[in-house]
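Visitor: Below you'll find the structure I mean.
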Amino acid sequence: MKPIYINSIGSVSAQKTYNNSEFLTDVVSYFDTEIRVIDPDYKQFIPPAAARRMAKGIKMSTVSSQIAMTEAGLENVDAIIVGTGLGCIGDSEKFVSAIIDNNEQFLTPTRFIQSSHNTVAGQIALGIGCKGHNFTFVHSSISFESALMDSKMMLENNEAENILVGGVDELVSHHIDTHKLIGHIKKEPVATKDLLQSGTKGMIMGEGASFFVLSNKKLPSCYAELVAISTYNTLSKESLMAKVKSFLEESKTLPETIDLVILGNNGDIEFDHYYDTLRNLFKDTPLAYYKHLCGEFDTASGFAFWLANKILKTQTVPEAVQLNQKSKPTTGTVLLYNQYRGENHSLTLLRRC
């Protein structure tokens, strides 16, 4: 199989990640039950007239994709693949509300056009003039991983040379209220730096967009190599360790050779015990976490992917993400593990370029 390289990255999140020259040097802490992105200066990336008509998810994705494309030195790509849990749900909400408020009359099409899940991939393609493969995966909390898997297969089969891959989800009030009603969001505000010590049910909800240029050719801007990725819809805690070992064996990687494990702990005491299993397996390995920085959302693993790439390129594990006191002289191989409420488990293995 041909190696798959991550040649550039771009992210808009609840941290100052839109500047690739910095790496979590000024971590922003929150005390809330939901956290929103730190908006970049959209005028630098999108004409103001166009930005006013764009949903937030589209704006976040446009910026992060432009950052990734610029860093890779590309003006176009062969394919655009996006993962999203709920798409531009804000415009979906506004369109449905307009149907009710206007008695199904006098509706403008803009909200409807922008409310579909594939709007982000379509808008990016229109912006750069990409007429190639354009696909959106809506697979709940493995949407981003599904996009990665599709791009990996395309590159391995020489169906493309450069692919723009991303994950995006936005926060809207109705969605937050629904999750609060069913008990998926914490009832009381929590300091994000103390997220894992909260001892309560639910998570802190977030949003964000992360985009990457993947290629079967290594560019000077290369961050890492995507070695393997696998997803599992349902997985018991008892079978998790065996699955991880099997995943590593297929990649010809021993557990003790992993230099860093990035876990998706979100502070929910009902489901964080899955990560404890891996902490036992990698008890002598440096561990990291990230959802106290970006919040929990369907494509939060895109932020983890961004984090892993930055760590591999800079050879720095920021103190803000360290989960234990272990360290290694260099970080050559990183394993990512994520799950949401006991379902949609994912394993991703990255290696330094």
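The values are calculated or read from the model by the stated rules, or taken from the named source; none is laboratory data. Quick caveat: nothing in here was measured; it's all calculated off a predicted structure. Positions of Cβ are generated from backbone atoms using ideal geometry, with glycine treated the same way; all protein chains shown enter the neighbour counts. Surface accessibility is based on the protein's heavy atoms, side chains included, excluding ligands, DNA and RNA. Shrake-Rupley method; radii C 1.70, N 1.55, O 1.52, S 1.80 Å.
Visitor: Could you tell me which chymotrypsin sites (Phe, Trp or Tyr not before Pro) in region 63-171 are loop residues by DSSP with no more than 10 other beta carbons within 10 angstrom of their beta carbon?
Guide: On the way: sites: 95, 106, 112, 135, 137, 144; in loops: 106.
Those that pass, being in a loop and sparsely packed, are 106.
Visitor: So, one more: Is the C-alpha gyration tensor of region 1-46 telling us rounded, prolate or oblate? Criteria: a/c under 1.5 is rounded; beyond that, a/b larger than b/c is prolate, otherwise oblate.
Guide: Values: a/c = 2.25, a/b = 1.63, b/c = 1.38.
Cα axes put region 1-46 in the prolate bin.
Visitor: Using each residue's phi in region 175-184, evaluate 6.51 cos²θ - 1.76 cosθ + 1.60 at θ = phi - 60° and report the 3J(HN,Hα) Karplus result to the nearest Hz, with x for Gly and Pro.
Guide: My calculation for region 175-184 gives 5, 4, 4, 5, 5, 5, 4, 8, x, 8 Hz in order.
Visitor: Within region 70-165, report the trypsin sites (Lys or Arg not before Pro) that DSSP leaves as loop and that have at most 11 other Cβ atoms within 10 Å.
Guide: 131
Visitor: Calculate the length of the line joining the C-alpha centroid of region 209-230 to that of region 168-186, in whole Å.
Guide: Comparing the Cα centres of region 209-230 and region 168-186, I get a distance of 32 Å.
Visitor: Moving to a separate point now. Under a straight-distance cross-link criterion of Cα-Cα below 18 Å, which aspartates and glutamates are reachable from residue 94, leaving out those fewer than 8 residues away in the same chain?
Guide: 104, 169, 170, 177
Visitor: Next question, about the same structure. Check which residues have an amide H placed less than 5 Å from residue 8's amide H, if you skip close sequence neighbours.
Guide: Close amide H contacts, sequence-distant or interchain: 213, 223.
Visitor: Write down the accessible area per residue of region 50-94 in Å², having rolled a 1.4 Å probe over the full set of protein chains. Mind dumping the intermediate values first?
Guide: Values: 1580 Å² over 45 residues.
Result: 35 Å² per residue.
Visitor: If you don't mind, there's one more thing I want to ask. Send over a whole-number figure in Å² for the accessible area per residue of region 313-353, probe 1.4 Å. Could the numbers behind the result be given before it?
Guide: Numbers: 1890 Å² over 41 residues.
Solvent-accessible surface per residue comes out at 46 Å².
Visitor: If a/c stays under 1.5 just call it rounded; otherwise compare a/b with b/c (prolate if a/b is bigger, oblate if not). Do that for region 195-353, with a ≥ b ≥ c from the square roots of the Cα gyration tensor eigenvalues. Please list the in-between numbers first.
Guide: Working: a/c = 1.44, a/b = 1.27, b/c = 1.13.
It is rounded, given that a/c, with a ≥ b ≥ c, falls under 1.5.
Visitor: Check the straight Cα-Cα distances from residue 245 and name the lysines below 16 Å, setting aside those fewer than 8 residues away within the same chain.
Guide: In chain and number order, the partners are 237, 283.
Visitor: Give me the percent of accessible area attributable to carbon and sulfur for region 58-135, probe 1.4 angstrom. Kindly include the intermediate steps, with their values, before the conclusion.
Guide: Working: 2190 of 3940 Å².
Percent of accessible area from carbon and sulfur atoms in region 58-135: 55.
Visitor: Let me understand the chain better: what is its radius of gyration from the alpha carbons, and its Dmax, in angstrom?
Guide: Spelled out, the Cα radius of gyration and Dmax of the chain are 19.5, 65 Å.
Visitor: Distance cut-off 30 Å, Cα to Cα: go down the list 180/291; 180/328; 16/186; 187/326 and report the pairs above it.
Guide: On the way: 180/291 18 Å; 180/328 40 Å; 16/186 25 Å; 187/326 33 Å.
180/328; 187/326, as the Cα separations exceed 30 Å there.
Visitor: Pop out the carbon and sulfur fraction of the accessible area of region 211-353 as a percent, whole number, probe 1.4 Å. The partial results should precede the final answer.
Guide: Details: 2510 of 5400 Å².
Carbon and sulfur atoms account for 46 percent of the accessible area of region 211-353.
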